[in-house]
Amino acid sequence: MTPLLLAPLEMLYAAIVRSRNARFDRTPPQRLSWPVISVGNLSMGGSGKTPLVIYLARLLQKTGLQPDVLSRGYGRSHQTIARVDSEGDAERFGDEPLLIARSAGVPVYVGANRYEAGRLAERETPRQGIHLLDDGFQHRQLARDLDIVVIHRSDLQQHLLPAGRLREPLSSLRRADVIVLRHEDTDLESALSRYAAEGSRFWRMRRTLTIPSPTGRSVAFCALARPDEFFQNLAAAGAGVVEKVRFRDHHRYTAGDIDRLAELGRRLRCDGFLTSAKDDVKLDAAMRTRLNAVAPLQTAQLTVELEEPETVLGHMRKSLLVRP
């Protein structure tokens, strides 16, 4: 349906968002013993939030600090609060928490109640650490000491759900302490400044997609919020893609999915399969064996790096020192 036809539902959703935020403005949030740095966005995924969480976890580790990550674990089959086993599976822990645990090498805790997940982290860790709240901008039940929001260029042209992808309007940026833009989107800073609170800062990040070895005829597949962007980045990284297969975001792969991909690769005589790191963690050993029997499976790794990391660290330290 077009945004015009969905306009009445968008207006209803906007009213619900306003009411929800007004309620949280009046209600003190729960506060953990350790500082909390929230990383979130306005839209339904695809902004680079997860790679940024991984980067910040590594950056904090390098300074001798002890970060962990608190995540909802979207789509997981188990609802109990738990620490993610990096050797576990995405069905139990969720694809993004598992990816963070494997890539950042820090403790990751999952649970719909992030406050209780944080309390578990604090009980299990002998010395004080820092919580990174993954996808935390809308999770206002938990107090945070620094609120970071990652913006995608398309957010400035999007409608609210269900007419578009925005979970909150741009005016919600007044709650953000930091707005993160891609290096190529820094021209948006002036437009976003009108929504930001006085004193908020802008960070810039560079994104890099790397492929282990170039391919000439690959079948690329993913279950991401912005699949076309992934395929465009593959081409920019030098991959030759003969077929692109899209699944819905957070899709849980089945044996049937893999059989169809393998048959497609065989029919097209591909020389490799390419997928994202977020998809890779959802493939079990049998699925990998099935694809590798046709052509090598490779994972394209998306990494981000913030410009002026020492300035970023200084800003984070200052925010954490003045916590209530």
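The values are calculated or read from the model by the stated rules, or taken from the named source; none is laboratory data. As the structure is a computational prediction, the values presented were derived from the model and not from experiment. Backbone-built Cβ (ideal geometry, glycine too); neighbour counts: all protein chains shown.
Under 7 Å between Cβ atoms, which residue pairs at least 6 apart in sequence (or on different chains) link something in segment 28-48 that is within 14 Å of Leu146 (Cβ to Cβ) with a partner that is of a type in the set (Lys, Arg) and buried (at least 23 other Cβ atoms within 10 Å of the Cβ)?
Val36/Arg144; Ile37/Arg144; Ser38/Arg144; Val39/Lys49; Gly40/Lys49
Does segment 15-24 contain any residue that is touching a residue at least 24 places away in the same chain (Cβ under 8 Å), in a loop (DSSP other than H, G, I, E, B) and in the same structural domain as Arg114 (by TED's automatic domain parsing)?
no
Which numbered condition in (1) at pLDDT 95 or above; (2) of a type in the set (Phe, Trp, Tyr); (3) part of a loop (DSSP other than H, G, I, E, B) is the only one that Tyr74 fails?
Checking Tyr74 against (1) at pLDDT 95 or above; (2) of a type in the set (Phe, Trp, Tyr); (3) part of a loop (DSSP other than H, G, I, E, B), the one that fails is (1).
Please go through segment 283-319 and pick out each residue that is modelled with pLDDT under 95 and farther than 28 Å from Thr208 by Cβ.
Answer for segment 283-319, where residues must be modelled with pLDDT under 95 and farther than 28 Å from Thr208 by Cβ: just Lys318.
In this structure, does Thr208 turn out to be exposed (fewer than 15 other Cβ atoms within 10 Å of the Cβ) and part of a strand (DSSP E or B)?
yes
Could you check how many residues of segment 122-167 are within 23 Å of Tyr13 (Cα to Cα) and of a type in the set (Asp, Glu)?
Qualifying residue count, segment 122-167: 2.
Restricting the search to segment 159-193, which residues are farther than 28 Å from Leu320 by Cβ and without any contact (Cβ under 8 Å) to a residue 40 or more places away in the chain?
The answer is Glu184, Asp187, Ser190, Ala191.
For segment 281-288, indicate whether the set of residues that are touching a strand residue (DSSP E or B) at 6+ places or on another chain (Cβ under 6 Å) and aliphatic (A, V, I, L, M) is non-empty.
There is no residue in segment 281-288 that is touching a strand residue (DSSP E or B) at 6+ places or on another chain (Cβ under 6 Å) and aliphatic (A, V, I, L, M).
Going by the conditions given, is Gly64 under 16 Å from the mean Cα position of the chain (by Cα), in a loop (DSSP other than H, G, I, E, B) and not β-branched (Val, Ile, Thr)?
Here the answer is no, as Gly64 does not meet what is asked.
Which residues, taken from segment 91-141, are under 18 Å from the mean Cα position of the chain (by Cα), β-branched (Val, Ile, Thr) and under 14 Å from Pro67 (Cα atoms)?
Ile100, Val106, Val108
Show the residue pairs that are 6+ apart or on different chains and have beta-carbon atoms under 9 Å apart, the first residue being within segment 222-234 and under 15 Å from Met44 (Cα atoms), the second being surrounded by fewer than 22 Cβ atoms within 10 Å (Cβ to Cβ) and of a type in the set (Phe, Trp, Tyr).
Final answer for the pair search is Ala223/Phe247; Ala223/Tyr253; Leu224/Phe247; Pro227/Phe247.
Residues that are under 20 Å from Arg167 (Cα atoms), more than 18 Å from the chain's Cα centre (by Cα), of a type in the set (Ser, Thr, Tyr) and not assigned by TED's automatic domain parsing to the domain that holds Asp145: does segment 1-12 have at least one?
yes
Among (1) in contact (Cβ under 8 Å) with a residue 24 or more places away in the chain; (2) crowded, with 16+ Cβ neighbours inside 10 Å, which single condition is Asp257 missing?
(1)
Of everything in segment 261-279 that's surrounded by 13 or more Cβ atoms within 10 Å (Cβ to Cβ) and without any contact (Cβ under 8 Å) to a residue 40 or more places away in the chain, which residue is farthest from the chain's Cα centre (by Cα)?
Arg266
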